[in-house]
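Participant: Please find one structure pasted underneath; my questions will follow.
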Amino acid sequence: MSSSVSLSIATNTAIAAAKGFGWAVTGSPTLFAETVHSVADVANQVLLKIGEVRAQRGPDALHPFGHGQEKFFWALVSAVSVFFIGCGINVYHGVHALLQPGAIEPFSPLVLGLLLFALALESFTFVVAFRELGGWKGLIENRHNTTVLAVLLEDAVALLGILLTLLVAGISLAWGPRPGFDAAVAITVGVLLGAMALFLAAINRHLLIDASDPALDRIVAAFLAEHGVSADASSVVVDDNHGVVFINVRPSGPGTPGGADSRALGDALKRHALEREGKTIDDVYWKFPAS
């Protein structure tokens with residue numbers, strides 16, 4: 001299971017408390033938006049953890065490929081909650097503060113210190129999630145690991161939100177509170193959360209409707225070609241870097257394996273995919289042309 005999810009639950013709880021204190025002291029719409037943002041992050045990461053735990057259950061009569069896809073469902077629920085809670089509340093509160101500005105206290109050194117503390121914690125969890133996903137290569141190629149990807153994107157938006165809040169704080173200290181600018185930043189944070197939520201929802205929706213793994217498909221196609229098997233192959237994602245492969249042998253194709261040969265070739269394919277790309281093939285299903 002992902003270490004970054006558990007870490008993010010702990011750090012975001014501390015960050016939410018720090019931001020909430022700052023909002024109570026200043027009344028800043030931006031700090032309110034950031035507090036809601038962090039509270040939503042904690043709730044969302046709890047949902048991701050639920051998905052991780054439930055996905056660990058093995059195959060049964062109703063779920064022959066296991067429960068790995070359940071983490072995609074909970075990640076989708078998390079994305080929807082980000083959209084309606086993080087985005088919706090922040091945009092509503094920001095628009096309300098823009099239309100009906102209230103009194104805002106200047107940012108104190110204590111509040112600035114709390115924001116820097118939050119920035120340090122978010123940076124730490126971002127680095128942990130980034131490494132766990134596999135760096136830039138993993139960010140591009142390993143989008144099936146939606147749990148860690150969600151943590152990474154939430155941390156990225158959180159870091160940007162804190163930097164914008166520090167900008168609001170700097171302007172407040174230099175020229176006094178600017179309610180209009182403060183409210184505009186709160187709306188910006190909400191819009192960023194909404195965009196992130198839609199992106200994550202799209203990825204998880206894609207994975208929940210039996211999506212293939214293009215990287216695994218390429219590995220299988222190359223392996224079959226190397227062994228002289230004329231066939232069409234496709235895969236279905238069942239978990240992070242886990243999939244099942246379906247091989248449809250072409251009629252009169254060269255190198256058509258028999259029953260025993262196909263089992264041996266399937267086992268060799270599993271070893272090859274794991275050693276070459278770290279992909280685990282849970283099962284290989286062959287379809288042979290009618291005799």
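The values are calculated or read from the model by the stated rules, or taken from the named source; none is laboratory data. Fair warning: this is a prediction, and the values are worked out from it, not measured in the lab. Counting neighbours? That spans all protein chains shown, and the Cβs are built from the backbone with ideal geometry, glycine included. Only protein heavy atoms, including side chains, enter the accessible area calculation; ligands, DNA and RNA are left aside. Shrake-Rupley method; radii C 1.70, N 1.55, O 1.52, S 1.80 Å.
Participant: For region 66-73, take each phi angle, set θ = phi - 60°, evaluate the Karplus expression 6.51 cos²θ - 1.76 cosθ + 1.60, and give the result in whole Hz per residue in order, putting x for glycine and proline.
Facilitator: x, 10, x, 5, 5, 5, 5, 5
Participant: Kindly express, to the nearest 10 degrees and within the range 0 to 90, the angle between helix 109-133's C-alpha long axis and the longest C-alpha principal axis of the chain.
Facilitator: With both axes taken from Cα atoms, the answer is about 0 degrees.
Participant: Considering Cα pairs under 8 angstrom that are at least six residues apart, work out the relative contact order of region 5-137 and quote it in whole percent. Mind dumping the intermediate values first?
Facilitator: Details: 130 pairs, mean separation 41.9, N = 133.
Taking the mean separation of contacting Cα pairs over the length of region 5-137, I get 31 percent.
Participant: Moving on. Hey, what D do you get for region 169-291 in µm²/s if you plug the Kirkwood alpha-carbon radius into Stokes-Einstein at 20 °C and 1.002 mPa s? Kindly include the intermediate steps, with their values, before the conclusion.
Facilitator: On the way: Rh = 17.9 Å.
For the chosen part, D equals 120 µm²/s.
Participant: On to the next question. Do me a favour and compute the ellipsoid semi-axes for the chain from its Cα gyration tensor, root of five times each eigenvalue, largest one first, whole Å. List each step's numbers first, then the result.
Facilitator: Numbers: eigenvalues 491, 50, 46 Å².
Semi-axis lengths for the chain are 50, 16, 15 Å.
Participant: Placing unit charges on C-beta atoms (Lys and Arg positive, Asp and Glu negative, everything else neutral), compute the dipole magnitude of the chain about its Cα centre in debye, rounded to 20.
Facilitator: Working: 18 positive and 25 negative charges, 22 e Å.
Taking the Cα centre of the chain as origin, the dipole is about 100 debye.
Participant: Hey, what angle do you get for helix 259-277 against the long axis of the chain, alpha-carbon based, 0 to 90 degrees rounded to 10?
Facilitator: That works out to roughly 30 degrees.
Participant: I need the shape label for region 48-97. Rule: rounded when a/c is under 1.5, else prolate if a/b > b/c, else oblate, with a, b, c from the alpha carbon gyration tensor. Could you put the intermediate results ahead of the total?
Facilitator: Details: a/c = 7.29, a/b = 4.43, b/c = 1.64.
Judged from the Cα gyration tensor, region 48-97 comes out prolate (a/c at least 1.5, a/b above b/c).
Participant: A further question on this structure: If I model a spin label as a point 7 Å beyond the Cα along the Cα-Cβ vector, how far apart are those points for Val46 and Ser3 in nm?
Facilitator: 2.5 nm
Participant: Just add up the charged neighbours of Ala186: K/R +1, D/E -1, any other residue whose Cβ is under 14 Å from the Cβ of Ala186.
Facilitator: On the way: positive: Lys19, Arg178; negative: Glu34, Asp182.
Overall, the nearby charge balance is 0.
Participant: Using the 2.2 N^0.38 Å rule of thumb for compact globular proteins, work out how region 21-171 stacks up: its C-alpha Rg over that value, please. Working shown, then result.
Facilitator: Details: Rg = 18.3 Å, N = 151, 2.2 N^0.38 = 14.8 Å.
My calculation over the Cα atoms of region 21-171 gives 1.23.
Participant: Calculate one ³J(HN,Hα) per residue across region 88-99 by plugging θ = phi - 60° into the Karplus curve 6.51 cos²θ - 1.76 cosθ + 1.60, and present them in order as whole Hz with x for glycine and proline.
Facilitator: Once θ is set to phi - 60°, the couplings for region 88-99 become x, 5, 5, 5, 4, 5, x, 5, 4, 5, 6, 7 Hz.
Participant: Tell me which residues come under 5 Å, amide H to amide H, from Val238 once H is placed; ignore anything under 5 positions away on its chain.
Facilitator: For Val238, the qualifying residues are Gly243, Val244.
Participant: Then there is this: Taking a probe of 1.4 angstrom, what is the accessible area of His227 in Å², to the nearest 10?
Facilitator: Solvent-accessible area, nearest 10 Å²: 90 Å².
Participant: Sticking with this structure for a sec: Figure the gain on full extension for Tyr285 and Ser123 (residue separation times 0.36 nm, minus the Cα-Cα span) and round it to one decimal in nm.
Facilitator: Length gained between Tyr285 and Ser123: 53.9 nm.
Participant: Let me check I've understood the local charge: for Leu47, count other residues with C-beta under 15 angstrom from its C-beta, Lys and Arg +1, Asp and Glu -1. What total comes out?
Facilitator: Working: positive: Lys49, Arg54, Lys71; negative: Asp41, Glu52, Glu70, Glu154.
Neighbour charge sum, excluding Leu47 itself: -1.
Participant: As I understand it, the value is the acute angle between the Cα axis of helix 29-55 and the longest principal axis of the Cα atoms of the chain; what does it come to in degrees, rounded to 10?
Facilitator: Here the helix axis deviates by roughly 20 degrees.
Participant: Of Gly266, Ala233, Ala169, which is farthest along the charge dipole of region 166-291 in the positive direction, counting Lys and Arg as +1 and Asp and Glu as -1 at C-beta?
Facilitator: Ala169
Participant: Which listed residue (Val42, Leu193, Leu207) has the Cα farthest towards the positive end of the charge dipole for the chain, taking +1 on Lys and Arg C-beta and -1 on Asp and Glu C-beta about the Cα centre?
Facilitator: Highest projection toward the positive end goes to Leu193.
Participant: Can you give me the relative contact order of the chain as a percent, contacts being Cα pairs under 8 Å and 6 or more apart? Write down the numbers at each step before the final one.
Facilitator: On the way: 456 pairs, mean separation 59.7, N = 291.
In percent, rounded to a whole number, it is 21.
Participant: Using modelled backbone amide H atoms (1.01 Å from N, in-plane), which distant-in-sequence or interchain residues come within less than 5 Å of Gly66's amide H?
Facilitator: The answer is Asp60.
Participant: Additional query: What's the lysine pair count for the chain at a Cα cut-off below 23 Å, pairs eight or more apart or interchain?
Facilitator: So the count of such lysine pairs works out to 9.
Participant: While we're here: Convert each backbone phi in region 78-87 into a coupling constant with the Karplus relation 6.51 cos²θ - 1.76 cosθ + 1.60 (shift: θ = phi - 60°), then list the ³J(HN,Hα) values in order as whole Hz, x for Gly and Pro.
Facilitator: 3J(HN,Hα) across region 78-87, in whole Hz: 4, 5, 5, 5, 4, 5, 7, 8, x, 6.
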